[in-house]
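*Asks:* Next up is a structure, given as structure tokens.
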Amino acid sequence: MPNNRMREITYKQAILEATSQCLAKDRMVYVIGLGVTDPKGIFGTTLGLKEKYGSRVMDMPVAENAMTGVAIGSSLVGMRPILTHQRVDFTVLSLDQIINNAAKWHYMFGGKMKVPLVIRMIIGMGWGQGPQHSQNLSSLLASIPGLKVVMPATAYDAKGLLISAVEDDNPVIFIEHRWLHGTYGYVPKKMYKEPIGKSKIMKRGRDVTIISSSYMVLESLRAAELLKKEGIEAEVMDLRSIKPLDEESIIKSVRKTHRLIAVDGGWMNFGVASEVIALAAEKGCGLLKNNPQRITFPDTPIPTSHALAKHYYPRAVDICNSVRTMFNLPGIPEKPSVIKGGIGFDVPDKTFKGPF
Amino acid sequence: MKINKKLFLALYYQMLRIRMVEEKICQLYPEQEMRCPVHICIGQEGIAAGVCANLKQDDYVLSNHRSHGHFLAKGGNLKAMLAELYGKASGCSKGKGGSMHLVDLNVNFLGSTPIVAGMIPVAVGVAFGSALKKEKKVTVVFFGDAATEEGVFSESLNFAALKKLPIVFVCENNRYSVYSPLSARQPKERDNLMIAKGYGIYAQRGDGNDAASVYQITKKAVRFARNRKGPAFLQFDTYRYREHCGHSFDHELNYRSKREFNYWLKKCPLGNFEKKLIKRGVVDKKEIFLIRAKVQQEINMAVEFAKKSPFPEKKEVLTDIYA
């Protein structure tokens, strides 16, 4: 619960504050990324850091692969880089360095060296960003041994997990959703850490477990609110980290509710939701009263037009409908009632104005 | 060039030791006990010896898949290297790396990896981190001619030049990427020195089969980098005598002409250097015999150590995933 040392700030302010505190605490920490020092400061998450910490906050050449290698190399000699990409899609250029070097360095040299590297990747959807600006590649990265992948959903966790990521001795992929940047939450002023690899129950319930991460936690909570009106008590779990996955808590919750909906703001096939369901199937399938369901993006590239987005992105109503089917209730036919203000499906809420 | 007896002996010893280690590996490899790919550097020893003779123990070196010579010339532990090739727990990477992942932190040999050009930006990062920490160390990264075709090579030169980093890029041009010749991969007008210079980087070319010349050229480059004047790019022409991966010769594949092979065989970095030393009276045949005997004994002991060392335990599969 909030106390007097907390105040409400946005998710992006929480990231800025965590970064600033990490820079202040440890001189080995530096921030590097395209646009880190520009007037917009990575959606406001790095604004003012250059003025405060000087050369430890820097812009860089447009060379994602080499710069990831540079960050890795510097971490081998003791630096603790925070590498930032404005779009996860740009990170694809650096997968060689992430997968072949960062993820394996500790293991392939027999534990002799470590790569304390944080790579911030921003995912986003809607506002016509289309096939190359809306992808969520978290499951791709999470499938690589040696990486840790965190996806905070709240301002509180954004700060606590970023500080954990920076202080972790391993490469940590820190995935932020643009639709969360403007959300408010109670955040302590002091430095604190939230554990990597631990989920959080966002709402307790006995009837069905809804497991999600990042922005989809918000949609899951909205779904749980709607379901409550119909007497269905959903338990909403925020994974927070998708690698390592908090297996114990997932199994514990599914064993309590005997129903499972896995929600992910990414593709269905080989995705996070698939992993969650596979885990439940292996460890407790016999206990499920209904077939578990995945609520994810369809298995196609992401369309641009908001007219198509309407049919593409899963929202709270889709989660509700999946649960209602489990309870033999008719589905909710239309989507709009879920988003107050009803301005469409390609923005997080009515306060959001383009450009993205 | 003025004969510096001590230096010449050191270069000779280094090349001879690398050659003898590689020959021993080639002799043992058919036993099928070293169960990992090996990339033999016989024929290319002049570069490893000439470059590393300019480095201090705490200068950093990173390398590629053909790294045995670089590892040894930097002072890497021979026993740990051979044990690594045998997949033993006493190996430099505890058997998790093999020949393509050598490391020795005692001499700041920070690692070798086989993804072509993959190590170049990492080395730039080491130099960057080292410079941020205000160390006076120089970083050297070894790579082959094919690495210069990768995009990350250009990206890395750009950043190193931008930040005037204390790094020396060493391109060993042995003319082949596996079996693909330079002519299939690069236009003949291409000049890597011009590419490096285009980024404002100090660049020099040299005969990689002449260790003394490699030494002299590298000396200037290392001094340049150490004085924070900027990075340096060096390209040394050389040739590998053995197959790309493995212990044998590969004449039967006919991707290299006999004439070309013989041309380079006549330019043997070790044999020619030895003749020169004898001619100039730096060593005589008896001394060479004694040096060889000493090195052979060291290698035999290292092989024995590697063979006798225990394999890693089952639990090691699951350790070292996270630091």
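The values are calculated or read from the model by the stated rules, or taken from the named source; none is laboratory data. Just so you know, these numbers come straight off a predicted model, no measurement behind them. Note that we place each Cβ from the backbone using ideal geometry, even for glycine, and neighbour counts take in every protein chain shown.
*Asks:* Take the conditions charged (D, E, K, R), more than 9 Å from chain B (Cβ to nearest Cβ), assigned to a helix (DSSP H, G or I) and touching a residue at least 40 places away in the same chain (Cβ under 8 Å) and apply them to A:Lys12. Does it pass?
*Replies:* Here the answer is yes, as A:Lys12 does meet what is asked.
*Asks:* Ok, one more. Those residues that are over 19 Å from A:Trp267 (Cα atoms) and part of a loop (DSSP other than H, G, I, E, B), I need them from the range A:285-318; list them, please.
*Replies:* A:Leu288, A:Lys289, A:Asn290, A:Asn291
*Asks:* Please enumerate the residues belonging to the range A:58-75 that are within 24 Å of the chain's Cα centre (by Cα) and β-branched (Val, Ile, Thr).
*Replies:* If the condition is that a residue be within 24 Å of the chain's Cα centre (by Cα) and β-branched (Val, Ile, Thr), then A:Thr68, A:Ile72 are the ones that fit.
*Asks:* Does the range A:55-66 include one or more residues that are within 14 Å of chain B (Cβ to nearest Cβ), touching a residue at least 24 places away in the same chain (Cβ under 8 Å), of a type in the set (Lys, Arg) and not in a helix (DSSP H, G or I)?
*Replies:* no
*Asks:* Here are some residues: B:Ser177, B:Ser183, B:Ser154. Which one is farther than 30 Å from B:Leu277 by Cα, more than 22 Å from the chain's Cα centre (by Cα) and of a type in the set (Ser, Thr, Tyr)?
*Replies:* From the options B:Ser177, B:Ser183, B:Ser154, the qualifying one is B:Ser183.
*Asks:* Further question on the same structure: Out of the range B:148-188, which residues are within 16 Å of B:Arg226 (Cα to Cα) and assigned to a strand (DSSP E or B)?
*Replies:* Matches in the range B:148-188: B:Ile167, B:Val168, B:Phe169, B:Val170.
*Asks:* Just to check your reading of the model, which residue among B:Ile18, B:Ile25 is assigned to a helix (DSSP H, G or I), surrounded by fewer than 24 Cβ atoms within 10 Å (Cβ to Cβ), in contact (Cβ under 8 Å) with a residue 40 or more places away in the chain and more than 13 Å from chain A (Cβ to nearest Cβ)?
*Replies:* Result: B:Ile25 is the single residue among B:Ile18, B:Ile25 that is assigned to a helix (DSSP H, G or I), surrounded by fewer than 24 Cβ atoms within 10 Å (Cβ to Cβ), in contact (Cβ under 8 Å) with a residue 40 or more places away in the chain and more than 13 Å from chain A (Cβ to nearest Cβ).
*Asks:* What are the pairs, 6+ residues apart or on separate chains, where a residue within the range B:310-323 that is within 13 Å of chain A (Cβ to nearest Cβ) has its Cβ under 6 Å from a residue that is outside any loop (DSSP other than H, G, I, E, B) and not polar (S, T, N, Q)?
*Replies:* Close Cβ pairs satisfying both conditions: B:Asp320/A:His106; B:Asp320/A:Tyr107; B:Ile321/A:Tyr107; B:Ala323/A:His106.
*Asks:* Please find, within the range A:16-48, the residue that is farthest from the other protein chains (Cβ to nearest Cβ) out of those that are among the aliphatic types (A, V, I, L, M) and more than 16 Å from A:Ala165 (Cα to Cα).
*Replies:* A:Leu47
*Asks:* When the residues of the range B:30-67 are filtered to those that are aliphatic (A, V, I, L, M) and part of a loop (DSSP other than H, G, I, E, B), which remaining residue is farthest from B:Lys137 (Cα to Cα)?
*Replies:* Looking at the filtered set, the residue picked out is B:Met34.
*Asks:* Let me ask another. Looking at the range B:273-280, is at least one residue outside any helix (DSSP H, G or I) and either among the hydroxyl-bearing types (Ser, Thr, Tyr) or without any contact (Cβ under 8 Å) to a residue 12 or more places away in the chain (or both)?
*Replies:* Looking for residues that are outside any helix (DSSP H, G or I) and either among the hydroxyl-bearing types (Ser, Thr, Tyr) or without any contact (Cβ under 8 Å) to a residue 12 or more places away in the chain (or both), one finds none in the range B:273-280, hence no.
*Asks:* Let me ask something additional. Can you list the helices (runs of 4 or more DSSP H) found entirely within the range B:68-147 that contain at least 3 residues being modelled with pLDDT of 95 or more and either within 10 Å of chain A (Cβ to nearest Cβ) or in contact with a strand residue (DSSP E or B) (Cβ under 6 Å, 6 or more places away or on another chain) (or both)?
*Replies:* Those helices (runs of 4 or more DSSP H) span B:119-132.
*Asks:* Still on this structure, I have one more. What about B:Ala184, is it without any contact (Cβ under 8 Å) to a residue 40 or more places away in the chain, more than 20 Å from B:Asp59 (Cβ to Cβ) and crowded, with 21+ Cβ neighbours inside 10 Å?
*Replies:* Here the answer is no, as B:Ala184 does not meet what is asked.
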